[in-house]
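Working notes, beginning with the structure itself.
The values are calculated or read from the model by the stated rules, or taken from the named source; none is laboratory data. For clarity, every value in this text was computed on a predicted model and none was experimentally measured. Cβ coordinates were reconstructed from backbone atoms using ideal geometry, including for glycine residues, and neighbour counts include every protein chain displayed. Accessible surface is based on the protein model in full, side chains and every heavy atom, while ligands, DNA and RNA are left aside. Shrake-Rupley method; radii C 1.70, N 1.55, O 1.52, S 1.80 Å.
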Amino acid sequence: SYIILFAAAAIIIVLLLINREEKPEDRAKEKKLRHVSFLDVDPRWADSVLSKMTLQEKIAQLFIVEVDKSFLTDSAFAAEIPEPGGFIFTDLSAEEMVSVQKKLKEKEKIPFFISVSENSYFYNNKHVSSDSALISYVSDDSLLNEFSSIVTAFGKQTGLNLLNEPVMNGLKKDSLFFSGAFHLSNKIYAKRAAFFSEICAGENLLGSAFVPFEIKDSVKNKNSTAYLQTLVDSGVAVIEIDKRWTENENQKINIGYHLASQIHFKGIILGSVNEKMRVRSQLVKLIENEAGLIRVTKYLEALNALTELVNEKEIEKEIIDERVKKILLAKSWIKQKRIKEISSRSVHPRQDVMEKLLTEASVCI
């Protein structure tokens, strides 16, 4: 009889656990995890624009073009070619960025993604920080959080809508240091990157975090991807993959598949083309790695190469439509909080001395 009572009680407990009512806070927490804010936007604008685009206009949206000061006088984009998805500015001051964007707005049919290169958190003579690598050596989280808030606010004020997470961007310039430092501190870096992506999401900006090639040894081990999981759980919108993932044709690990299927990342994957190597094969690998944005400097060459690949049916048109739809959703979401007038004015009382504060707080042996 004791055995029967024990068995019955066990069954009742199991049934109660299975059918227990989920608390609202549990549902809210689950919704927050693995969630990308721009996917909630009303899709009607994105669907309308997508339905009117030619194939090459769709393909063009996949490219974000790196340009420097020569772009101010360059006539390459004056020709009758589709507009790229966006631009990455290098070595432009805040005033120059604002000036260029005002000219771009006169001709843009679809809003551009606007970003800056890894080393461009200085913008003008009044620095936010002129050395992004410096940030990697700062252990004061409260100061780094303040720095991230300034970067986000000043970036938005100067017209940026795709912002690189500064700590990892500082590290990725030195792969030898990165190889050791990342494995030692990936949880710290993940925490900082997660904080940055949450600030960006609150301002309807796309926060971009970096996935180093050094993580390849742990991708196969599900218990060793804490960095990636923390990023995704924070709602990061864009994940940039190291160009070494696609430069090597013998590289067998598909980081895009891992992010999408194993880590459940639903945002945009940003990849880069090394134009000193075969462009076509890199484009194929980037698309295979789920890339939705491709960073290039030679836009026309990349645009023509990807158009050929689609026309030759090496890449399916449906894949292009799927990636472009996500880009248009992100642009529609950004527009909801877009500021009316961009400028280079200061946004924070400690903005001009932040570089000095970071230097004092950094520790480097």
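One table, with the values for the structure above:
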{"quantity": "Criterion: in contact with a helix residue (DSSP H, G or I) (Cβ under 7 Å, 6 or more places away or on another chain) and assigned to a helix (DSSP H, G or I) - qualifying residue of L300, L306", "calculated": "L306"}
{"quantity": "Residue count for segment 227-274, restricted to those that are touching a helix residue (DSSP H, G or I) at 6+ places or on another chain (Cβ under 7 Å) and not in a helix (DSSP H, G or I)", "calculated": "20"}
{"quantity": "Residue in segment 35-53 that is of a type outside the set (D, E), open to solvent by 100 Å² or more (accessible area, probe 1.4 Å) and at pLDDT 75 or above present", "calculated": "yes"}
{"quantity": "Single residue of segment 202-215 satisfying the filter (touching a residue at least 40 places away in the same chain (Cβ under 8 Å) and surrounded by fewer than 21 Cβ atoms within 10 Å (Cβ to Cβ)) that is nearest to Q157 (Cα to Cα)", "calculated": "E203"}
{"quantity": "Residue in segment 326-354 that is farthest from S51 (Cα to Cα), counting only those that are modelled with pLDDT under 85 and among the hydroxyl-bearing types (S, T, Y)", "calculated": "S346"}
{"quantity": "Residue within segment 168-187 that is in a loop (DSSP other than H, G, I, E, B), touching a Leu at 6+ places or on another chain (Cβ under 9 Å), at pLDDT below 85 and more than 18 Å from F147 (Cβ to Cβ) present", "calculated": "no"}
{"quantity": "Count of segment 245-298 residues which are touching a Phe, Trp or Tyr at 6+ places or on another chain (Cβ under 6 Å) and within 27 Å of P82 (Cα to Cα)", "calculated": "2"}
{"quantity": "Out of K337, K298, K331, K317, sole residue that is touching a Pro at 6+ places or on another chain (Cβ under 6 Å) and either of a type in the set (D, E, K, R) or surrounded by fewer than 18 Cβ atoms within 10 Å (Cβ to Cβ) (or both)", "calculated": "K331"}
{"quantity": "Subset of segment 225-255 (residues that are surrounded by fewer than 23 Cβ atoms within 10 Å (Cβ to Cβ) and under 15 Å from I215 (Cα atoms))", "calculated": "T225, A226, Q229, T230, D242, K243, R244, Q251, K252, I253, N254"}
{"quantity": "Segment 266-280 residues that are under 17 Å from S234 (Cβ atoms) and in contact (Cβ under 8 Å) with a residue 24 or more places away in the chain, paired with ones that are assigned to a helix (DSSP H, G or I) and open to solvent by less than 30 Å² (accessible area, probe 1.4 Å) (beta carbon under 8 Å, 6 or more apart)", "calculated": "G267/F38; I268/I327; I268/A330; I269/G256; I269/L259"}
{"quantity": "Of residues in segment 275-295 being in contact with a helix residue (DSSP H, G or I) (Cβ under 6 Å, 6 or more places away or on another chain) and not in a loop (DSSP other than H, G, I, E, B), the one surrounded by the fewest Cβ atoms within 10 Å (Cβ to Cβ)", "calculated": "R280"}
{"quantity": "Extreme residue, modelled with the lowest pLDDT, among residues of segment 197-218 that are assigned to a helix (DSSP H, G or I) and touching a Leu at 6+ places or on another chain (Cβ under 8 Å)", "calculated": "I215"}
